[in-house]
Amino acid sequence: MIKHIFIIIALLNLVGCKLIQYNSDPNVTANTITFAKPATHRNLAYIWLPTANTGNKVLYREAFDNNVANFSKKHTLTNLNPQAQTVFNDFIIEQGGAFDTNTGKLNAELIQTAMQHTFNNITAEYPSVDTLLVIHPKETAIKVVDGTANWHGVEQHIATIKSVEFRSVISLAIQYYAPESKTYNLEIGLDLHTPDLTDNSKYEQVLTHILEPIVILNTATK
């Protein structure tokens, strides 16, 4: 199917038609994440680091949050992000901001304290929550070969007539913050297309991959 799309678009280019971008969903190719303790609840707690508030990362964040809202309904999850994010942001503001004024980088010690504060606040109301998902969006450039891109555990496609090109992509560096156990970190690709705020299921495979270890998903709809 993808090959046919590329052929059609190439023919359109030959007759002077505008090249259309094939906005494919990211397909997860990474191995399933396995924790020693399986998920026991449906309360999803996650936050974005302040790095998600800059440039076009804001739109990817919005697209991701839209997908989470749809995913939560599908899997009967309680989405605690609005509450957790407010607690985290308020704490950061009270401390004068997240970035070191001398280096311009995130104040790692303050971020760590804010994560602990947020975790304590959420678990006081939702004791079943044992992990806070902390997300840091990252932008980088990757090589796309014959319209196919593979990076950080995902595969995605674009419509192109070039055999090799470089594209800017967004990945998510994720920390599974659990104060009482070993912290787990990973990086997963998210998107090489411009953010689509109208598609609420584009990141379904990515969400299943990163959330399955910490919340119970409806197996009939996975």
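For the range 1-115, the helices (runs of 4 or more DSSP H) that sit wholly inside it and include 3 or more residues that are in contact with a strand residue (DSSP E or B) (Cβ under 6 Å, 6 or more places away or on another chain) and at pLDDT 95 or above are 57-74, 81-94. Taking the criterion of being open to solvent by 60 Å² or more (accessible area, probe 1.4 Å) and over 14 Å from Asn218 (Cα atoms), the residues of the range 59-79 that qualify are Leu59, Glu62.
Yes/no matrix, rows are residues, columns are (1) hydroxyl-bearing (Ser, Thr, Tyr); (2) under 15 Å from the mean Cα position of the chain (by Cα):
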position	(1), (2)
Glu165	no, no
Val169	no, yes
Glu180	no, no
Tyr203	yes, yes
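When Thr183 is tested against (1) within 19 Å of Leu133 (Cα to Cα); (2) modelled with pLDDT of 95 or more; (3) open to solvent by 10 Å² or more (accessible area, probe 1.4 Å), exactly one condition is not met: (2). The residues of the range 122-149 that are open to solvent by less than 40 Å² (accessible area, probe 1.4 Å) and under 18 Å from the mean Cα position of the chain (by Cα), listed by number, are Thr131, Leu132, Leu133, Val134, Ile135, Pro137, Ile142, Ala149.
Taken over the range 193-222, the criterion of being at pLDDT below 95, in contact with a Ser or Thr (Cβ under 9 Å, 6 or more places away or on another chain) and aliphatic (A, V, I, L, M) is satisfied by no residue. Of all residues assigned to the range 161-172, at least one qualifies as being open to solvent by 50 Å² or more (accessible area, probe 1.4 Å), part of a strand (DSSP E or B), of a type in the set (Lys, Arg) and more than 21 Å from His209 (Cα to Cα).
Kindly provide the set of residues from the range 150-160 that are open to solvent by less than 50 Å² (accessible area, probe 1.4 Å) and not small (Gly, Ala, Ser), ordered by number. Within the range 150-160, Trp151, Val154, Gln156, His157, Ile158, Thr160 qualify.
The values are calculated or read from the model by the stated rules, or taken from the named source; none is laboratory data. Being a predicted model, the structure only gives us computed values, none of them experimental. A quick note on method: Cβ atoms are made from the backbone with ideal geometry, for glycine too, and the neighbour counts reach across all protein chains shown. For accessibility, only protein heavy atoms count, side chains too; no ligands or nucleic acids. Shrake-Rupley method; radii C 1.70, N 1.55, O 1.52, S 1.80 Å.
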